[in-house]
Ligand SMILES: Nc1nc2c(c(=O)[nH]1)N[C@H]1C(S)=C(S)[C@@H](COP(=O)(O)OP(=O)(O)OC[C@H]3O[C@@H](n4cnc5c(=O)[nH]c(N)nc54)[C@H](O)[C@@H]3O)O[C@H]1N2
Ligand SMILES: Nc1nc2c(c(=O)[nH]1)N[C@H]1C(S)=C(S)[C@@H](COP(=O)(O)OP(=O)(O)OC[C@H]3O[C@@H](n4cnc5c(=O)[nH]c(N)nc54)[C@H](O)[C@@H]3O)O[C@H]1N2
Ligand code: SF4
Ligand SMILES: [Mo]
């Protein structure tokens, strides 16, 4: 073994948004196996922390799922290998033909990154610009867009909770013991649980691992969070718990909100959500009495009934008690690249999708209308699609409908490391180098007061036949003929003379040709990229991001020790375990509000109307045909979206069992390990039951990310577990954001005869 094979190399885990720093030691016969993996103590965010999943990353890097040649679909549906030059030329020509016939707006883009990779997506903006593509979406538009819309109205900024310092921590439809989402989640949860002065509140129908640690578990009936939160906020009003003085100074719209909350029948709402009124009231008092409260809402409410309203009520829960801009409460992180994009600055803009007329939030078309936008007999329908690092045929609602739509496209091109359910339907599949074979980073940088960015270096050479996304997008742009060779040569020469010279030449070129600005990432990659140290060309787009960040947040970046954008960029390039790029005070939150008067805006008319309407709804409706509520897609210790296809990565729960309460299991005569059939209005599947005391009667759950196929022998794909979206329907969605109700699917459960 050579020295490089045995040295520990710094990178990050790519299995959830925390991206904990890890160190990897390569080995094995070809020197490409992840023989050992450990937490990286030098990483300023995670400081050595990992969960059990990081140790299984070899299943991502090495396996039979990896693609090693561009593929073209034959008429009979099989694929043939083609070389990269042919693939790039044909993909560019065919997209250009769609653009020239139907307009660039008929070319839809989906994806741009998963939990560990956002650099590729940054370069895709150039390809989209070259094609005139205007509409796009990503997984965010089936989880976070309702919250983005609310944030845009109330704050014009995104917020996160400071759980490390919070006196009271509230987890709303969020199970951080399994799903993480906050730095060193399990350590923080245990610290809160241990400290008698601090209180953890969990709102979840299931007694989750997090709920087991909580002081207060509001075990609501599924889908009733809006009533629960409305009752909590109403209790503030009823019991005089509002932070009146603070609100007078910092907020507008209080009277309108209070008027609606006064009408809430707290006892009736408590009954709807199945929680004692006295418990709701004492919970409201505990929150109001705290010196600081941090709240995390996640999929349990963002993928359930009244989801945007629930996001709104979540914000009221902490705003009405003054929990913003102080330690332990809500803060506004510094951003290097803003993932929440235009939602926040654009005040939930009025753009609509061309066919369904769905609200576009943060630049994203709701995932639940994509199939409809393709299949409609409408002149503005999407005709072609580029999918990059996403698996819509598996991960979006109603897989049957989505497959039908993807098949109806004139052209589908997929960039992925694996032959996914979506890739299988594509006309061309372009194989990407893995996230450990190229420079990569994510823009999930939400920490505070020290915010961290980690540019990861490649650990190994790209698998032969694969390319990184920056290179793929650069070649597509070149094939589309949008990069003027003369201008590019001038920029390359300037870059060779130095970054200052390059900056001057770049801004001059963009001023002369504004279109060049939209191709920016690829221009930087080709011109500045080759001059970067250690082959870091894919980091070129970060040069612009670093400058933008330093210009927008000069004090924060300087406090972290970076004199300017150039210095920040150099630090990013040099840091192997990530760098602190901003240091902030809690009060900076006020400067980052983008409301017209710099205050929190408590009232949103549409939300107050929906809130009022709760009084006329008896709670979630039930259909005797489908008496259960299925949560389709729960995070467990061995789920990781669809990143790990090899089922042997799971050390427990190998096939992703269906969880059911003991009472329901008794009634149906089911035991753990038995086969059960779950049927929804949309589909039916057989799963293995797991009788689980943590479940309440009437509620069943299936894990996310199951139902992928994998060829253990490299030839015969075998599917493990239930693909949750064979059971979900596109029309079950929120009226504001179009986000799906994956956590609230009406279902029927039956023992499988003879099993
Ligand atoms: N029913 C139901 N559906 C759900 C959910 C649920 O709870 N219930 N959860 C939803 C949520 S919150 C999310 S975020 C989505 C996630 O669903 P996806 O977006 O499908 O999941 P990811 O795991 O992020 O994987 C995206 C793809 O990236 C590929 N990939 C990995 N590395 C690279 C790379 O370096 N380059 C390229 N080009 N590709 C790469 C993987 O092979 C995979 O195909 O699923 C959603 N779907
Ligand atoms: N292990 C693991 N971790 C992950 C991921 C993964 O695939 N595996 N994926 C990552 C991604 S992309 C995301 S978006 C996050 C998601 O992270 P979470 O949102 O925490 O994950 P879920 O388990 O999907 O849903 C959270 C909880 O919602 C509850 N729930 C169901 N119905 C309701 C309801 O009506 N009301 C309330 N209040 N709660 C309800 C469930 O019981 C569950 O405990 O996790 C990230 N982390
Ligand atoms: S899956 Fe675990 S180790 Fe990986 S980033 Fe998330 S918390 Fe960290
Ligand atoms: Mo997600």
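Annotations for the structure displayed:
- Pairs with Cβ under 6 Å, 6+ apart, first in the stretch 296-308 and touching a residue at least 24 places away in the same chain (Cβ under 8 Å) and within 11 Å of residue 203 (Cα to Cα), second within 16 Å of ligand 3 (Cβ to nearest atom) and not in a loop (DSSP other than H, G, I, E, B): 296/171
- Applying the criterion of being in a strand (DSSP E or B) and over 16 Å from residue 632 (Cα atoms) to the residues of the stretch 689-711, the residue that is farthest from the chain's Cα centre (by Cα) is 691.
- Inclusion of residue 714 among residues that are buried (at least 23 other Cβ atoms within 10 Å of the Cβ), part of a loop (DSSP other than H, G, I, E, B) and not assigned by TED's automatic domain parsing to the domain that holds residue 204 is not warranted.
- Of everything in the stretch 464-477 that is in contact with a helix residue (DSSP H, G or I) (Cβ under 9 Å, 6 or more places away or on another chain) and in a loop (DSSP other than H, G, I, E, B), the residue that is nearest to residue 117 (Cα to Cα) is 468.
- Given (1) over 27 Å from residue 52 (Cβ atoms); (2) not in a helix (DSSP H, G or I), index of the condition residue 651 fails: (1)
- Test for residue 753: is it surrounded by fewer than 16 Cβ atoms within 10 Å (Cβ to Cβ) and either away from ligand 3 (no atom under 16 Å from the Cβ) or in a loop (DSSP other than H, G, I, E, B) (or both): yes
- Hey, residue 291 assigned to a loop (DSSP other than H, G, I, E, B), closer than 30 Å to residue 703 by Cα and in contact (Cβ under 8 Å) with a residue 60 or more places away in the chain or not: no
- Total residues in the stretch 494-527, condition outside any helix (DSSP H, G or I) and more than 30 Å from the chain's Cα centre (by Cα): 2
- Odd one out for residue 633, checked against (1) surrounded by 14 or more Cβ atoms within 10 Å (Cβ to Cβ); (2) over 27 Å from residue 313 (Cβ atoms): (2)
- The residues in the stretch 631-642 that are within 12 Å of ligand 4 (Cβ to nearest atom), at negative phi and out of contact with any strand residue (DSSP E or B) (no Cβ under 9 Å at 6 or more places or on another chain) can be counted, and the count is 1.
- Residue list for the stretch 718-750, restricted to those being under 22 Å from the mean Cα position of the chain (by Cα) and not in a loop (DSSP other than H, G, I, E, B): 724, 725, 726, 733, 740, 745
- Of the strands (runs of 3 or more DSSP E) lying entirely inside the stretch 106-184, those carrying at least 1 residues that are in contact (Cβ under 8 Å) with a residue 60 or more places away in the chain, within 16 Å of ligand 2 (Cβ to nearest atom) and under 16 Å from residue 444 (Cβ atoms) are 107-111.
- Failed criterion for residue 256 (all others in (1) out of contact with any strand residue (DSSP E or B) (no Cβ under 7 Å at 6 or more places or on another chain); (2) at positive phi; (3) away from ligand 2 (no atom under 12 Å from the Cβ) hold): (2)
- Only one of 90, 35 that is away from ligand 4 (no atom under 16 Å from the Cβ) and assigned to a strand (DSSP E or B): 35
The values are calculated or read from the model by the stated rules, or taken from the named source; none is laboratory data. Bear in mind the structure is a predicted one, so any value in this text is a computation, not a measurement. Because the Cβ atoms are built from the backbone with ideal geometry, glycine has one as well, and the counts that use them run over all protein chains shown.
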